[in-house]
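One structure below.
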Amino acid sequence: MISIIIPTFNEAVNLPLLLEAIAGPGVPREILVIDGGSSDGTAEIAIRAGVVCLGSAPGRGRQLVAGAAAAGGDILLFLHADSRFPAGGLERIEEILAASPDIVGGNFALTFDGGDGFSRWLNGFYGWLRRRGIYYGDSGIFVRRAVYDAIGGLRPIALMEDYDFARRLEAAGPTCCIDDPALVTSARRFAGRRPVAIVLGWMVIHALYYLGISPDRLARLYNSQRRPRERRGTAS
C-alpha cells in the first residue's frame, strides 16, 4: 500500500484538486493530510473528502514527520498540496519498486506551471539538478517504508528537510526519477520576485546550510526573501 502524505497550511483552493487526482481505484492507498493550523477550511475539506486528517504544529518538516509516523503503507509518498499529480503516477511507483527491489525510492520529473520564461528555465534547471542526485519535496519524493526507517526518516527541521532527506536517501541505494508521467507544481512562490534574486537567494541558503547555519535561522532568511512586499506593508 502507498501512504500519501500531504502537509497543508491554508490550502483550501489547491487541496481539492490534488485529492481528486489521487483518489480512485487501482493501487491500494491511504491519504493523510497533516494540517498545520489552517484558518481557511483546509482541514474541513480533507475530512469531507474522507481522508485521514491530522493536526500538527506548523512547519512542513514537523508535519511530514507526523504523517510518516501515522502512515501504514509499505511505500511513502510525500506531496505538496499545490502539486498536480499525474494520472498513472501511483501505478508507476508500484511498478518500478516491484520490478527493481534494489531501488530504495525516488521522485518525479518536475514541471512548473508558470508558462513564462523563468518557469521554463526552472524545468531544465531542476532536471540538471536531478541528474546530480539533487531534488526537493515539490517533486513528489517516494521511499520504501523500511528504507525510510533505516535512514532515520525525515527530520522536523524548519527548512531544508526535503534536501536533507534526499541526500540520505541517495546514500542509501539506487533511486529513480519518473520522467513519464511528470509531476506539475505551482510557480506561485516566484510571483512578484526577480529571477536573479530567486537564484541568488537559493545559492545563499544552500551555502549557509553547508556552513552549518541552523535551519531556524535559514527559515527566517528564506521567508524574508519570499515576502519582500510584506516588509513594505503591502500584500504578497
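FYI, it's all coordinate maths here, none of it is from the lab. What you see is a predicted model; the values in this text were computed from it and never measured. Heads up, the Cβs are rebuilt from the backbone with ideal geometry, glycines too, and the neighbour counts pull from every protein chain shown.
Of the peptides 196-208, 174-186, 106-118, the ranking by mean beta-carbon count within 10 Å, highest at the top, reads 106-118, 174-186, 196-208. The calculated Kirkwood hydrodynamic radius for region 93-236 is 16.6 Å, given to one decimal from all distinct C-alpha pairs.
Phi angles across region 150-165 convert, under the Karplus curve 6.51 cos²θ - 1.76 cosθ + 1.60 with θ = phi - 60°, into 3J(HN,Hα) values of 5, 9, x, x, 6, 10, x, 9, 6, 7, 6, 5, 6, 4, 4, 5 Hz, Gly and Pro given as x.
Put simply, the amide H of residue 141, placed in the peptide plane, has neighbours under 5 Å in 78, leaving out anything fewer than 5 places away on its chain.
Each residue of region 111-125 was assigned a 3J(HN,Hα) from its phi angle through the Karplus expression (A = 6.51, B = -1.76, C = 1.60, θ = phi - 60°), giving 10, 8, 8, x, x, 9, x, 5, 4, 5, 5, 4, 4, x, 5 Hz with x at Gly and Pro. Near residue 109, the amide H atoms lying under 5 Å from its own belong to 178, 179, 183; only residues 5 or more places off or on other chains count, and H is placed 1.01 Å from N. Taking Lys and Arg as +1 and Asp and Glu as -1, the other residues whose beta-carbon sits under 11 Å from that of residue 41 total -3. Given R0 = 35 Å, the distance between the Cβ atoms of residue 44 and residue 189 translates into a calculated FRET efficiency of 0.90. Note on the chain: with a GNM built from Cα contacts shorter than 10 Å, the maximum mean-square fluctuation among 219, 99, 57 falls on 99. Only Cα pairs under 8 Å and 6+ residues apart enter the sum, and on that basis the relative contact order of region 1-119 stands at 33 percent.
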